[in-house]
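Let me begin by presenting the structure, written as C-alpha cells, before commenting on it.
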Amino acid sequence: MLVQPRITHPVAALLLIQFATGCTNSWKDYQSEYQQLLSQRVPASGQSSTSEDAVGKVTTLQNDDLGISDKCSTCHLGISNSSMRRADQPFASHSGKYLDHHPAKQYGCTICHGGDGSALRENEAHAGMLRNDIVEVACTKCHSQSVLSREKLEGAPALSNGLRLLNELDCTGCHRIEGFSKLRRTAPVLTGIGSKVNRKWLFRWLKNPHAYMSNATMPTYHLADDHINALAAYLMTFTDSTTEQMNDPPSGDSEQGGNLLREARCISCHPFNGTGGHLAPDIGKIGNKVNSKWLFQMLHQPRRFQPNTTMPQFNFTAQDYSNLVAHLFEEFTDYEIKEEDEKDAKPAMADAETVDLGRRIFKELRCGNCHPYQSNQEWLQLGPVLTNIGDKKTEDINFGNSVIERTLPEYLFAKMKQPQLFVSRTNLLKMPDYHLSPQEAKDITVALLSFNAKKVRAKGYTVRTRTPPPYEPTGEFGALLEKYQCYSCHRINGRGYNLAYDLSLEGSRVQRKWLYDYLMVSYSIRPILVERMPVFRFSPHEADVLTEGIMTQFVRADIPKNLEKEFTPQMVELGKKLFDEKGCMACHIVGEKGGYVGPSFTIGAKAGDKLLAGWVYLWLKNPQAIVPDVIEPNYNLSDEEAKALTGYVMSFKSNKLTVVSAKDTEKK
C-alpha cells in the first residue's frame, strides 16, 4: 500500500517515492489480479483473455549495455498495454508516448525511474524511485550531448525549461559547467552607461532591481548602501564621447510620438509596466532611467549601443525620433520617483577613492562576466563547478543553520529560491537572489541534478546531435533580414524565435503581390495577439528585395502547382458544406462572424488574394506535417474533400463573383 509522504517543502512533490515497509502483496497475487482485469477488457469476440506476460513466473529484462537487470514487469504487467491506461498501479500502462521511442522490453524501467530492479518486494523495489518532473534527470544518461547544447527535449519540459533558465540567467558567468555551450551574453552592454542613465536611477536599480521593476531579470545582491553608491560611481565613468558631445535632440511632438509608438508596435516586444511583450526590457519608467540624448541615438542606431540587440532599425526621420523621445518621457516617467529624486539634492560621492572601491566591487561580483563593457574582459568563474553537481554527496553540503530536509534536491531548490538562507559567519556566499518562482526553481533544480556522471556509454543508446550552422543568407536580402531583425520574431530555417509565424515556407504559402503590399503597409492578421508586425516603412526597393528573397528561397518543392484551374462551382459548393460541417468558423472569421483563434479569411486581405491554393491543400491534408504543434485538427480529409475545401477558402477574393450552386448551374 502506497503511503504518501508529508510534503515539508514545495520541491518535495518532485522527489522520491516513499513506501511503507512490510508490504505483503506478492508478485503472484498481482499477476492473478492482472489476469482478471485483462479478461474484463477483452472484447467478446473470442480473443484470448491471457497475456504472454502473465504466465505465473518472474520475468527479468537483462540489458548489459544499459547496465540493468529489471524484474519490474513481473508486477507492472500492463506497462505496454494501451487498454490499461486507466487502470490502477501496478497495472496501468505508461503515460505519454515515451515507450514509442523507449520500448519497455528494451529499456526496462530502472534506467529512467531508478529503484532496485532486482527486488520483488514492493518497498525494496521502489526504494529511491523517481517520479514526476524529477525523473527527467535520467534523460541525460543518453541525451547528455543534447542537454549540454541546450536542445529542447520532447517529453522533458522541466529539464528543457531549467536549461533555458540557466542560459538566460547567465549562470555560467560564475559557474563552470563542462561542455555546456554558452550563448552570447544576454545582459545589456555597459559601455557608455554613464552617458545613458540617471545616477539616482542607477543606485535604486542596483539596490533592488526587482523592487523597482517586478519583471526584472537582474538579480539582487543585497549590498550595503555605501557599496551600491561606490559601484554606481564606477559605472558612471563608462561614458560615450559621441553622446557627451552631441546637443540635446530637437523638441518633439508627444502626440505624434504616441502615434509612432503604436505604428512601430513597440508593445509587441517591450512590456510597459508589466503589460505587453516579453522579448525586450520594460520601458514603463524609461523617463526616470535614461537621458534624452542617449535615447535619441539608441532609437536611431540600436546596434551601436547594444550589438546583440534584437531591436530592428526603423526607417524614421530625425523628427520622428524626437517625437518618440518626447512621448516616452512624457507618458512613461514615474513622477513620484522623479519628485523624490529632485528633493534629494545631496550630491552623490564620486571621488577617486569611492570610484576605486566601485571598481573592486565590480570585479568581485564578476559583473563583466554577464555584461559586456569597455575592455570586454571576462574573469575567472569563482562559483562552484557544476559539471557533476548532481553527484554531490549530502555530507559535503553546508546546510548552514537552515532547517530544510538534508537532501541534495532540497538544498538546490532552496538555494535557487533563497540563496542567502545558507549564509553564516563561516560560510560567506555571493550568489544573488533571482526572485525565481517555485516552478522556475524546480526546473533549474531538475537541470542541475542532470549534471552528473551517470551516463550510458553504449553507442546504440548514446544520442548525438549535430547542430547545423545558423541560417545566414547572403547579399542584400540577408542584410535586410539582419537590419530589421526578422529573426527576433520569426523562425527561419531553424534560426530565430517563434513569436510570429515561421517563415521557412512563406514563399510556398502566400502570393507575391500580397507579400509585397503587406511589407509596404502591414496590418494585424490575428487581432487577438499582442505581438503584431510593425510598420517598418520599407522603401519600395527594400520591399522588392525581401519579396524576391522570400518567394525564391523560402519554398517547398512538393507544393502542388496551378491547383486553381481544377476548381469548379460544384467543388466549391462541396467545400462550403465541409467548412460548415467541420465548424471552421469557430476559429476563423468569415465576414462579420467567426472566431479569433486562427487567421481571418476576410479581414485585411481575403484568403484567395493572399494564399496559394497548393499550400492550402497540403495544409488541410495534414496541418501537423507542416507545423507539428499547431492546434488545428487533422480531419483526415480525402484528396477530393481537401481539394473542395481549398476551393472554397480560395473563393474569398476581393473581386469574387457569387458562387452559384450546382442546381443554379443546371437551371442556366
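The values are calculated or read from the model by the stated rules, or taken from the named source; none is laboratory data. Remember, predicted model here, so these are calculated numbers, not experimental data. Counting neighbours? That spans all protein chains shown, and the Cβs are built from the backbone with ideal geometry, glycine included. Just the protein is used for accessible areas: all its heavy atoms, side chains included, with ligands, DNA and RNA removed. Shrake-Rupley method; radii C 1.70, N 1.55, O 1.52, S 1.80 Å.
Quick one: would you say ARG86 is open to solvent by 60 Å² or more (accessible area, probe 1.4 Å), modelled with pLDDT of 65 or more, closer than 30 Å to LYS442 by Cβ and assigned to a loop (DSSP other than H, G, I, E, B)? Spelling it out, ARG86 is indeed open to solvent by 60 Å² or more (accessible area, probe 1.4 Å), modelled with pLDDT of 65 or more, closer than 30 Å to LYS442 by Cβ and assigned to a loop (DSSP other than H, G, I, E, B). For the range 401-411, the count of residues that are aliphatic (A, V, I, L, M), touching a residue at least 60 places away in the same chain (Cβ under 8 Å) and within 16 Å of HIS175 (Cβ to Cβ) is zero. List, please: which pairs have Cβ atoms under 7 Å, are six or more places apart or on different chains, and start with a residue in the range 637-651 that is touching a residue at least 60 places away in the same chain (Cβ under 8 Å) and end with one that is open to solvent by 50 Å² or more (accessible area, probe 1.4 Å) and assigned to a helix (DSSP H, G or I)? Every condition considered, the pairs that remain are LYS643/GLU566; ALA644/LEU574; TYR648/LYS576; MET650/GLU564.
Taking the criterion of being charged (D, E, K, R) and over 18 Å from GLN485 (Cα atoms), the residues of the range 495-525 that qualify are ARG509, ARG512, LYS513, ASP517.
Checking LEU519, LEU480 one by one, the residue that is farther than 30 Å from THR602 by Cβ and outside any loop (DSSP other than H, G, I, E, B) is LEU480 and no other.
Quick check on the range 526-544. Is at least one of its residues under 21 Å from LEU612 (Cβ atoms) and modelled with pLDDT of 90 or more?
Among the residues of the range 526-544, at least one is under 21 Å from LEU612 (Cβ atoms) and modelled with pLDDT of 90 or more, which makes the answer yes.
Could you grab me the full set of residues in the range 425-449 that are over 26 Å from GLU364 (Cα atoms) and open to solvent by 50 Å² or more (accessible area, probe 1.4 Å)? Selection gives PRO438, GLN439, GLU440. Applying the criterion of at least 3 residues that are open to solvent by 50 Å² or more (accessible area, probe 1.4 Å) to the helices (runs of 4 or more DSSP H) found wholly in the range 547-664 leaves 569-581, 639-650. For the range 279-288, indicate whether the set of residues that are at pLDDT 95 or above and charged (D, E, K, R) is non-empty. Looking through the range 279-288, none of the residues is at pLDDT 95 or above and charged (D, E, K, R). Take residues that are outside the structural domain of LEU202 (by TED's automatic domain parsing) and open to solvent by less than 40 Å² (accessible area, probe 1.4 Å) and tell me which of the helices (runs of 4 or more DSSP H) falling wholly in the range 311-419 contain 3 or more. Those helices (runs of 4 or more DSSP H) span 408-417.
The set of residues in the range 373-428 being of a type in the set (Val, Ile, Thr) and within 29 Å of the chain's Cα centre (by Cα) consists of VAL385, THR387, ILE389. As a summary of the residue check, TYR497 satisfies the conditions (1) open to solvent by 70 Å² or more (accessible area, probe 1.4 Å); (2) closer than 30 Å to LEU412 by Cα except for the one numbered (2). ALA44 satisfies every condition listed in (1) surrounded by 12 or more Cβ atoms within 10 Å (Cβ to Cβ); (2) of a type in the set (Gly, Ala, Ser); (3) at pLDDT below 70 except (1).
Output the residues belonging to the range 203-237 that are open to solvent by 40 Å² or more (accessible area, probe 1.4 Å) and assigned to a loop (DSSP other than H, G, I, E, B). Selection gives ASN208, SER214, ASN215, THR217, MET218, TYR221, HIS222, LEU223, ALA224, MET236, THR237.
Among residues of the range 271-298 that are free of Cβ contacts under 8 Å to residues at least 60 places away in the same chain, those with a Cβ under 9 angstrom from a residue that is acidic (Asp, Glu) and surrounded by 19 or more Cβ atoms within 10 Å (Cβ to Cβ), sequence gap 6+ or separate chain, pair up as PRO271/ASP282; ASN273/ASP282; GLN297/ASP240. Would the range 443-452 turn up any residue that is modelled with pLDDT of 90 or more, of a type outside the set (A, V, I, L, M) and outside any loop (DSSP other than H, G, I, E, B)? Checking the range 443-452: at least one residue is modelled with pLDDT of 90 or more, of a type outside the set (A, V, I, L, M) and outside any loop (DSSP other than H, G, I, E, B). If you go through the range 64-74 and keep only what is surrounded by 16 or more Cβ atoms within 10 Å (Cβ to Cβ), of a type outside the set (Lys, Arg) and over 18 Å from ARG131 (Cα atoms), you end up with LEU66, ILE68, THR74. With respect to (1) crowded, with 18+ Cβ neighbours inside 10 Å; (2) farther than 30 Å from GLY173 by Cβ, the lone exception for HIS270 is condition (2).
Scanning the range 522-546 for residues that are in a loop (DSSP other than H, G, I, E, B) and either touching a Lys or Arg at 6+ places or on another chain (Cβ under 6 Å) or β-branched (Val, Ile, Thr) (or both) returns SER524, ILE525, ILE528, VAL530, ARG532, PRO534, VAL535. Taking the listed residues TYR373, TYR461, the one that is hydroxyl-bearing (Ser, Thr, Tyr) and either touching a Phe, Trp or Tyr at 6+ places or on another chain (Cβ under 6 Å) or farther than 18 Å from GLN145 by Cα (or both) is TYR373, with no other qualifying.
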